[in-house]
1. Is there a quick way to get the dipole size of the chain? I mean about its Cα centre, with the Cβ of Lys and Arg at +1 and of Asp and Glu at -1; what is the value in debye to the nearest 20?
2. Any idea what the alpha-carbon Rg over 2.2 N^0.38 Å comes to for the stretch 75-191?
3. Give me the percent relative contact order of the chain, please, defined on Cα pairs under 8 angstrom at least 6 residues apart.
4. Using alpha carbon coordinates only, what is the Rg to Rh ratio of the chain, with Rh defined as the Kirkwood radius?
5. Which net charge results when you count Lys and Arg as +1 and Asp and Glu as -1 among the other residues whose beta-carbon is under 15 Å from that of G80?
6. If you average 1/r over all unlike Cα pairs in the stretch 42-114 and invert the result, what Kirkwood radius do you get in angstrom?
7. K56: which lysines have alpha carbons under 17 Å from its alpha carbon, excluding same-chain residues fewer than 8 sequence positions away?
8. For the chain, list the DSSP H helices whose alpha carbon atoms reach 30 Å or more along the long axis and whose average Kyte-Doolittle value is 0.0 or above?
Amino acid sequence: MASATLAAAPARLPRAVPRWVWALPPVAVLGLVFLYPLALVVQQSVRPDTGGTSLKPYADVFASEAFREALVTTVWLALGSTVGCLVLGFALALVIAFVPFPGARAVSRFIDVFLSFPSFLITLALLFVYGAKGMANGIWTDATGAAEGPFQFLTTPWGVLLAEITYFTPFVLRPLLAAFSQLDTAQLEVASSLGAKPARIVRRVILPEALPALAAGGSLVLVMCLNEFGIVLFTGAKGVTTLPTLVYGKAILESDYPAACVVAVVNIAISVGLYGLYRVVSRRAGA
């Protein structure tokens, strides 16, 4: 009788594991690998060398001329590079997507490969061409007998700007080419049959379709330019100090860790804010 009762009783299923339990391992890894080091940076930024907890490091850094110059330099280089990448990327994307020429597919694939290159590699390539001892200056001195060539701009802010535009333009090209691949070519054919010139077609048909991709690519480039360190370092532009290079100088050269952490916190805050803008723009572009 007892066995029959047990057989008739429904089997109990194991209780389902709550979803928040599955979230614990990745959250723990994220906290240990990323959030904990950031917390240490923030903590060190309010720990002056005199001891205790104080906002004096922030007051000292904000009052320094070096920080203000680095902030201005970082912002204008990032904005200038972003504008240059948008203009050059849009022009190149128009040619690759709408002007038939042999090797267009190979160029498009090379852009994907170019995205994997380290930034210092592009800077070194520019140094080989336009550096003080580069090919362009060498050809000039051999031809004219001059002591030095005319190309001396790589160690100036304009050299940094050129290197950043060269390196980051593919990050605008890639989303633009993806957007142009989805553009209905019938619109272009109709506009052309109605007598619209190429400039008008670009302005009235292509550009509106490209705006979401331009906004997404431009936001990403702006964030990366704000945090770029290798290009500024490898160009040898001694008069160009950005927030990342200022962090390096304060921490490594001056051993002023509270000041370095303050600059790092400011850089992180700007980057996170712009990254949030990038996510919003990308989400709207995807929609």
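Coordinate-derived values only; no laboratory data. These numbers were taken from a predicted model, which means no experiment stands behind them. Cβ placement follows ideal geometry from the backbone for every residue including glycine, while neighbour counts extend to all protein chains displayed.
1. 1120 debye
2. Working it through for the stretch 75-191, the quotient is 1.33.
3. On the way: 290 pairs, mean separation 75.9, N = 287.
The value is 26 percent.
4. 1.16
5. Residues close to G80 contribute a combined charge of -2.
6. Taking the inverse mean of 1/r over all distinct Cα pairs, the stretch 42-114 comes out at 16.6 Å.
7. Leaving aside lysines fewer than 8 places away in the same chain, those within reach of K56 are K250.
8. What comes out of the filter, once short or polar helices are dropped, is 65-98, 157-181, 257-286.
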